[in-house]
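J.: What follows is a single structure, and I will ask about it in a moment.
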Amino acid sequence: MTKKISVAIAGNIGVGKSTLTRLIADHFNWTPFYEAVDDNPYLADFYDDMRRWSFHSQIFFLSRRLRLLRHIVNHPQSVVQDRTIYEDAEVFARNLHERGNMTARDFQVYRGLYEEYIQFLPTPDLVIYLKASIPTLLERIRRRGRDFEQEVSPLYLQQLNELYNAWIDDFTLCPVLVLPADDLDFVRSNDDFLAIAQRIEEKLREPARAFT
């Protein structure tokens, strides 16, 4: 793999995206780009009152994601990205709207911005989807200890999981590698991580085909 590679990691809250991003970056000597979470000024308020703060929080994430993608495009070396712009819209914003936590007007404005922007954005060479059950997500959220996440409900995570699965089933912009995160402990098991690294190499070496 001598050309510049762009890989993005997708998955639900707490599934291990940031950790896997770091491990992949170290293993392949790629540059990691992490999601802006801790500096979101709306996030704690959002978890306290989703309907009031959902639009503000999603617009913040969209603006930061676009800034991040500009850096990724201009970066001269291979990169691995923590979360994609697609799941912001297709999973999180859609879930907020469907559950009555984002008004139709706000969702329409948000979708309009998102759909305009992605027309001009390059797609990754590979999206890695970390797929996990609710017990696994809850345990990993508890383990990492972010205060504002500790009250996230299993129902909310299940709603996100359903939208993640629907999104990934229909995603055709680039190849996708689905990893069963319940069965892979890449944090504690080097063998599990090396198996993931091998699958990434194999996926990137597959013959290119058209994506629409």
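J.: With a/c under 1.5 counting as rounded, go ahead and sort the stretch 6-205 into rounded, prolate or oblate using the C-alpha gyration tensor (a ≥ b ≥ c being the square roots of the eigenvalues; past the cut-off, prolate if a/b is larger than b/c, else oblate).
T.: Values: a/c = 1.69, a/b = 1.25, b/c = 1.35.
Judged from the Cα gyration tensor, the stretch 6-205 comes out oblate (a/c at least 1.5, b/c at or above a/b).
J.: Right, here's the next one. For the stretch 151-212, what class follows from the C-alpha gyration tensor (a ≥ b ≥ c being the square roots of its eigenvalues): rounded when a/c is under 1.5, otherwise prolate if a/b is larger than b/c, else oblate?
T.: Numbers: a/c = 4.30, a/b = 1.16, b/c = 3.71.
The shape class here is oblate.
J.: Can you return the lysines within cross-link range of residue 131? Criterion is Cα-Cα under 16 Å, with same-chain partners fewer than 8 residues away left out.
T.: Cα-Cα hits under 16 Å: 17.
J.: Run the dipole for the stretch 6-205 about the Cα centre, Lys and Arg Cβ at +1, Asp and Glu Cβ at -1, nothing else charged, and hand back the magnitude in debye, nearest 20.
T.: Computed charge dipole of the stretch 6-205: roughly 300 debye.
J.: Rounded to the nearest 10 degrees, what's the angle between the helix 154-170 long axis and the longest principal axis of the chain, both from Cα atoms, 0 to 90?
T.: 50
J.: Hey, another quick one. Taking the Cβ of residue 99 as the center, what net charge do the other residues with Cβ under 13 Å away carry, scoring Lys and Arg +1 and Asp and Glu -1?
T.: Net charge around residue 99: 0.
J.: Angle between the Cα long axis of helix 134-144 and the longest principal axis of the chain, 0 to 90 degrees, nearest 10?
T.: 90
J.: Now for a different question. In a solvent-free Debye calculation with one equal scatterer on each Cα, what is log10 I(q)/I(0) for the stretch 64-112 at q = 0.17 Å⁻¹, listed in the order of the q values?
T.: Those come out to -0.60, one per q.
J.: By how many degrees, 0 to 90 and rounded to 10, does the Cα axis of helix 50-74 deviate from the longest principal axis of the chain?
T.: The helix 50-74 is inclined about 30 degrees to the chain.
J.: In Å, what is the Rg of the alpha-carbon atoms in the stretch 21-132, and how long is Dmax?
T.: 15.0, 44
J.: When DSSP beta bridges are limited to those with both residues in the chain, what percentage is antiparallel, rounded to the nearest 5?
T.: 0
J.: Counting only other residues whose beta carbon sits under 12 Å from that of residue 112, what net charge do I get with K and R as +1, D and E as -1?
T.: -1
J.: Shape call for the stretch 6-57 from the C-alpha gyration tensor, a ≥ b ≥ c root eigenvalues: rounded (a/c under 1.5), prolate (a/b greater than b/c) or oblate?
T.: It comes out prolate by the Cα gyration axes.
Read-outs: derived from the displayed coordinates by stated rules, not from any lab. Quick caveat, the model's predicted, so the values are computed rather than measured. Ideal geometry is used to build each Cβ from the backbone, glycine not excepted, and the neighbour counts take in all protein chains shown.
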